[in-house]
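Notes follow the structure.
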Amino acid sequence: MVFWSVFSYSFVVALTGAMSPGPVLSYVIFNAIKEKERGFLVGLFVILGHAILELLLILILVAGLGPILENQIFVIIIGLLGGGLLIYFGGSIIYDLRKKRIDFSFLNPDAAKLQDQAKQNKLFNMHPILGGVMISISNPYWILWWATWGLNAMRIFNISFANPIAFWGFFIGHEMGDLVWYVPVATLVGFSGKIMTKKVYIAILVACSIFMIGFGLYLASSVF
């Protein structure tokens, strides 16, 4: 039960972050277009690189987590920042949907436009595993996410070497959240250049946003 509760929580939050259009999604789409029928491998490789980086980060956090979590002031600050970050991003997605500010261009990827983007960014021409590492670590949102929500979630679920069930539930759940989004996207882009309908994507975004706001409130209040 501990494994699956941690897994489920980590999975849904990771899925929400993965679905937000950003540099990783652009990278996956571009390389899937190049690989065509082998596009699914792009999704797998990018998430493998992403997962390697995050496993190293989690190990570093766990190794030095004990002394940090003993400081109650730090715990409160991280909890409020992490919860606030989830609430902000969840609310901003709904707000942007209402104001029609969400970019849906990736639903119909423009190969020529992506080619121009690739020429300006050497990351797009790396092997997908290395690209997954580099494009993740160069993303300020990824760093901010782990410094707030990630660290706070590790505190709540007692992620440590002494608690391997929670440790692996947290890690596997997080990576599966990325995997179940990027691999289907890469596969569908590779075969047809189409991902899903706009209505379905909006519905999923709204559901994930509500989840983010709800758990953001929970995270922020849990420190008290």
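What follows draws every value from the coordinates through simple rules; no lab data is involved. Computed from a prediction, not measured in an experiment: that's the story for all the values here. Cβ coordinates were reconstructed from backbone atoms using ideal geometry, including for glycine residues, and neighbour counts include every protein chain displayed.
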Notebook entry, point to check: To the nearest 0.05, what FRET efficiency results for VAL2 and GLU37 with a Förster distance of 35 Å applied to their C-beta separation?
Noted result: 0.30
Next item on the list: For segment 1-91, count all C-alpha to C-alpha pairs, find those more than 19 Å apart, and express that count as a whole percent of the total.
Entry: 61 percent
Notebook entry, point to check: Which whole-Hz ³J(HN,Hα) couplings does segment 79-95 yield from phi under the Karplus relation 6.51 cos²θ - 1.76 cosθ + 1.60, θ = phi - 60°, glycine and proline marked x?
Noted result: x, 5, 5, x, x, x, 5, 5, 4, 4, 5, x, x, 5, 5, 5, 4
Item checked: Sorted by Cβ density within 10 Å, fewest first, the residues ILE165, ILE60, ILE52 -> ILE60, ILE165, ILE52
Check: So how far apart, in nm, are the two label points at TRP168 and TYR218 if each is 7 Å from Cα heading toward Cβ?
Finding: 2.4 nm
Check: Fewest first, what order do VAL42, VAL223 take by the number of other Cβ atoms within 10 Å?
Finding: VAL223, VAL42
Notebook entry, point to check: Exposure proxy check: SER20, SER26 ranked by fewest other beta carbons within 10 Å?
Noted result: SER20, SER26
